[in-house]
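**Student:** Take this structure, written in structure tokens, and hold onto it; I'll ask about it next.
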Amino acid sequence: MSDLPLRRLGRSGLSVPVVGLGCNNLGRTGTVTETAEGATALIDAAIDAGVTFFDTADAYGARPGLSEELLGAALRGRRDDVLIATKFGLDLHGANGQDFGARGSRRYIVRAAEASLRRLGTDWIDLYQLHAPDPATPIDETLAALDDLVRAGKVRYVGHSNFRGWQVADAEHVARGTGGAVGNSGTGGTRFVSAQNKYSLLARGLEREVLPAAREYGIGVLPYHPLENGLLTGKYTGGARPDGSRLVTTKQQLLDTAPWAALDRFGTFCRERGVTETDVAFSWLLTRPEVSSVIAGATRPEQVRGNAQAWTWTPTAEDLAELDEIFPA
Ligand SMILES: NC(=O)c1ccc[n+]([C@@H]2O[C@H](COP(=O)([O-])OP(=O)(O)OC[C@H]3O[C@@H](n4cnc5c(N)ncnc54)[C@H](OP(=O)(O)O)[C@@H]3O)[C@@H](O)[C@H]2O)c1
């Protein structure tokens, strides 16, 4: 197993490798990772390459819970060597019982956590994330329920996903005021230590509010769609449409609307520097100190092996300025 550099997840004590593996392909219909065999081959390759941080969710897979089950099975016997992040809070259409549209509620969270632990075949979740804001439940109730899970030893750290800037600030201040003893703020209850939001060279909206909030509050950012579903790997440029690839099989509309002129320029930029598009997509994200780990998804072992090397390019100030021109903020 090779070693990847580690970064702290915000100002928490948790260190994560700079490259993780997003697991929303596990159990996804039409992928090679749809089966236990394909999923295990991918996880084995990841661990061999030093990618020991796995991000899943109870919602991922052809049916709710399938990605968690495949991940748990693939990690059996290696639990102590890896970090598992999962999420709750999307509509599972009853798979976690009736939710009354309040999936940040104490009632729902306890049940969702128990179900995820069971499916993952583990006694603890390293990072438990609220997948999306729950407008029906006050954030203090959500934080208090998560605090209880931390105190019970079922969850180590908690994070949020798809929060807006004001929601990041609101949750931080509520956590500071809840008066619990667990957590990292010194005075408050368990606080969110990570933010998982869409962020890539092609999607820079996060830089407006969430990134500054993450910096201010010491929250580690875990960008999702860091490769824009594969568009930023270069494999679709020049009209290429690889068989079985995600954009060809399920997200054709992204191919129809992609900014091809910018992507062609990006390809030239990478060739001139002797690096791959994926190298630049990863390394650019990691120039942001707020970003703790790039959790790209993958379907094949060779992809995850490549991604495990993709953090090594060091851009100059001129490189960064040119990337800003190609993909304006
Ligand atoms: N919190 C949220 O709301 C949310 C939303 C979406 C995702 N996520 C999380 O973020 C993770 C990352 O997002 P994502 O997987 O959807 O998007 P992504 O990382 O932008 O793209 C992943 C896709 O890129 C392709 N790929 C990856 N490495 C490659 C390589 N080296 N060469 C060529 N192609 C490569 C694979 O496509 P093929 O399938 O074509 O092989 C893979 O399925 C997810 O797995 C999930 O854990 C979170």
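**Student:** Quick one: how many residues across region 17-56 are assigned to a helix (DSSP H, G or I), buried (at least 24 other Cβ atoms within 10 Å of the Cβ) and β-branched (Val, Ile, Thr)?
**Tutor:** Result for region 17-56: 2.
**Student:** Determine which single condition Ala36 fails, assuming it passes every other condition in (1) in contact (Cβ under 8 Å) with a residue 40 or more places away in the chain; (2) on the phi < 0 side of the Ramachandran plot.
**Tutor:** So Ala36 meets the others, but not (1).
**Student:** For region 280-290, enumerate the residues that are under 15 Å from Val221 (Cβ atoms) and away from the ligand (no atom under 13 Å from the Cβ).
**Tutor:** Trp284, Leu286, Thr287, Arg288, Pro289, Glu290
**Student:** Within the bounds of region 211-233, is there any residue that is more than 16 Å from the ligand (Cβ to nearest atom), in contact (Cβ under 8 Å) with a residue 40 or more places away in the chain, of a type in the set (Gly, Ala, Ser) and within 30 Å of Asn307 (Cα to Cα)?
**Tutor:** yes
**Student:** Still on this structure: Select from region 302-312 the residues that are surrounded by fewer than 19 Cβ atoms within 10 Å (Cβ to Cβ) and more than 7 Å from the ligand (Cβ to nearest atom) and list them in ascending order. Write out each step before concluding.
**Tutor:** Going residue by residue through region 302-312, those that are surrounded by fewer than 19 Cβ atoms within 10 Å (Cβ to Cβ) are 302, 305-306, 309, 312.
Glu302, Arg305, Gln309, Thr312, listed by residue number.
**Student:** Under 7 Å between Cβ atoms, at least 6 apart or on separate chains: pull out the pairs that start in region 6-22 with a residue that is at positive phi and in contact (Cβ under 8 Å) with a residue 40 or more places away in the chain and end on any residue that is part of a loop (DSSP other than H, G, I, E, B) and more than 14 Å from the ligand (Cβ to nearest atom).
**Tutor:** Taking only residues 6 or more apart or on different chains, the pairs are Gly10/Gly218; Gly10/Ile219.
**Student:** If we scan region 17-34, do we find a residue that is more than 17 Å from the chain's Cα centre (by Cα) and away from the ligand (no atom under 13 Å from the Cβ)?
**Tutor:** no
**Student:** So, one more: Take the residues of region 5-16 that are part of a loop (DSSP other than H, G, I, E, B) and within 16 Å of Asp126 (Cβ to Cβ): which is farthest from the ligand (Cβ to nearest atom)?
**Tutor:** Across region 5-16, the extreme among qualifying residues is Gly13.
**Student:** Being in contact with a helix residue (DSSP H, G or I) (Cβ under 9 Å, 6 or more places away or on another chain) and either more than 24 Å from Thr40 (Cβ to Cβ) or among the β-branched types (Val, Ile, Thr) (or both) is the requirement here; does Arg246 meet it?
**Tutor:** Criteria not met by Arg246.
**Student:** Sticking with this one: Can you find even one residue in region 201-210 that is assigned to a loop (DSSP other than H, G, I, E, B) and near the ligand (Cβ under 9 Å from one of its atoms)?
**Tutor:** No, region 201-210 has no match at all.
**Student:** Which count do you get for residues in region 193-227 that are closer than 20 Å to Ala258 by Cβ and among the small types (Gly, Ala, Ser)?
**Tutor:** In the first step, residues of region 193-227 are kept if they are closer than 20 Å to Ala258 by Cβ; the result is 198-206, 223-227.
Pick out the ones that are also among the small types (Gly, Ala, Ser) and you get 200, 203, 205.
Total satisfying the criteria: 3.
**Student:** List the residue pairs whose Cβ atoms are under 7 Å apart, where the first residue sits in region 119-147 and is over 27 Å from Arg78 (Cα atoms) and of a type in the set (A, V, I, L, M), the second is within 16 Å of the ligand (Cβ to nearest atom) and not in a loop (DSSP other than H, G, I, E, B), and the two are 6 or more positions apart or on different chains.
**Tutor:** Between residues of region 119-147 that are over 27 Å from Arg78 (Cα atoms) and of a type in the set (A, V, I, L, M) and residues that are within 16 Å of the ligand (Cβ to nearest atom) and not in a loop (DSSP other than H, G, I, E, B), the close pairs are Ala132/Ser161; Ile139/Ala171; Leu143/Ala171.
**Student:** Which number in (1) at pLDDT below 95; (2) more than 8 Å from the ligand (Cβ to nearest atom) marks the one condition that Leu247 misses?
**Tutor:** (2)
**Student:** Let me ask something additional. Considering only residues that are among the acidic types (Asp, Glu) and surrounded by 14 or more Cβ atoms within 10 Å (Cβ to Cβ), which ones fall in region 265-297?
**Tutor:** Glu277, Asp279, Glu290
**Student:** Between Gly238, Gly306, which is of a type outside the set (Lys, Arg) and at positive phi?
**Tutor:** Gly238
**Student:** Can I ask one more? Here are Ala136, Ala132, Ala59: which of them is part of a loop (DSSP other than H, G, I, E, B), more than 16 Å from the ligand (Cβ to nearest atom) and within 27 Å of Arg164 (Cβ to Cβ)?
**Tutor:** Working: Ala132 fails: more than 16 Å from the ligand (Cβ to nearest atom); Ala59 fails: more than 16 Å from the ligand (Cβ to nearest atom).
Answer to the check: Ala136.
**Student:** Please identify the pairs in which a residue from region 66-93 that is among the basic types (Lys, Arg) has its Cβ atom under 8 Å from the Cβ atom of a residue that is assigned to a helix (DSSP H, G or I), counting only partners at least 6 apart or on another chain.
**Tutor:** These pairs meet every condition: Arg78/Ile47.
**Student:** Would you confirm, using the coordinates I've provided, whether Thr52 is in contact with an Asp or Glu (Cβ under 8 Å, 6 or more places away or on another chain), hydroxyl-bearing (Ser, Thr, Tyr), in contact (Cβ under 8 Å) with a residue 12 or more places away in the chain and within 11 Å of the ligand (Cβ to nearest atom)? Walk me through it before giving the result.
**Tutor:** Working: in contact with an Asp or Glu (Cβ under 8 Å, 6 or more places away or on another chain): yes; hydroxyl-bearing (Ser, Thr, Tyr): yes; in contact (Cβ under 8 Å) with a residue 12 or more places away in the chain: yes; within 11 Å of the ligand (Cβ to nearest atom): no.
No.
The values are calculated or read from the model by the stated rules, or taken from the named source; none is laboratory data. Bear in mind that the values here come from a model prediction, so they are computed numbers and not experimental data. Here Cβ is always computed from backbone atoms with ideal geometry, including for glycine, and neighbour counts include all displayed protein chains.
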